[in-house]
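The block underneath contains the structure these notes are about, expressed in structure tokens.
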Amino acid sequence: MTAPVEPLPHGVVFDLDGTLVDSLGLHRQALAAALAAVGRAEPSAARVFMAQRGTDLGTVAALIGEADLDTAWLAYRSAFLDLLPGSGIEPTTGTPAVLRRLHDAGMVTGICTGRTRDLAEAMLRSCDLRIDLTVTREDATAPKPAPDGLRLATARLGLDRETTLFVGDSAADRAQGEACGIRTVLLPVAEVPGLIWP
């Protein structure tokens, strides 16, 4: 008995940070600026790793707490945009070629990210990546691992769960894809500098 053949995807939705763009260094610098703005020390790599949430604002909140969140968030956003031009931020290995091949094959591409729209679009411009649709944290009712953002991205791209592939790099991405019933591929997790595993 042969296994059922899955239909070829008509489109691919990607996570942004760590999947399409290697943004960890810039993210850490912006987080350090956020903590400095409220009189806190620069976070260790392990602390940043443990604080990661489904949105950029959620990550800042996890490090700072609610009391100083407004000040910290403004500092994070400002530092991120100020540092971006000289940060050396780049697409992850192979990303430009993959996107070209998808477009040449007539597939639509989208992004589902917990980033704010201004930061996500600034990253894409800096890396010269062209995507058909970007769904950001402002668009989704609930962040990853909730399925809201991914469902919205597929709907706006005219896709359904049988014709969509979702590509991410985290457990939250996997859980989001599973909640949507969409085939999900996880890239290898990037090495976190300074993080010591037990």
*With Ala97, Ala155, Ala142, Ala175 as the choices, which residue is farther than 14 Å from Leu16 by Cβ, aliphatic (A, V, I, L, M) and surrounded by 15 or more Cβ atoms within 10 Å (Cβ to Cβ)?*
Ala175
*Of the residues in the range 108-131, how many are in a loop (DSSP other than H, G, I, E, B) and under 21 Å from Val60 (Cβ atoms)?*
4
*Among the residues of the range 20-48 satisfying the criterion of being touching a helix residue (DSSP H, G or I) at 6+ places or on another chain (Cβ under 9 Å) and in a loop (DSSP other than H, G, I, E, B), which is surrounded by the fewest Cβ atoms within 10 Å (Cβ to Cβ)?*
Ala41
_Conditions first: (1) closer than 14 Å to Leu20 by Cβ; (2) part of a helix (DSSP H, G or I); (3) touching a Gly at 6+ places or on another chain (Cβ under 8 Å). Thr134 passes all but one, so which condition is the exception?_
(2)
_Restricting to the range 53-71, name every residue that is within 20 Å of the chain's Cα centre (by Cα) and crowded, with 17+ Cβ neighbours inside 10 Å._
Gly54, Thr55, Asp56, Leu57, Thr59, Val60, Ala61, Leu63
*Residues in the range 55-66: is at least one under 30 Å from Asp128 (Cβ atoms) and assigned to a loop (DSSP other than H, G, I, E, B)?*
yes
*Would you mention how many residues in the range 158-174 are of a type outside the set (Val, Ile, Thr) and over 18 Å from the mean Cα position of the chain (by Cα)?*
5
*Determine which single condition Thr154 fails, assuming it passes every other condition in (1) within 26 Å of Val60 (Cβ to Cβ); (2) part of a helix (DSSP H, G or I); (3) of a type in the set (Ser, Thr, Tyr).*
(1)
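Each reported figure results from applying straightforward, stated rules to the coordinates on display, with no laboratory input. Every value quoted in this text rests on a predicted model; they were computed, and no experiment measured them. Quick reminder, even Gly has a Cβ in these numbers, built from the backbone with ideal geometry, and neighbours come from all protein chains shown.
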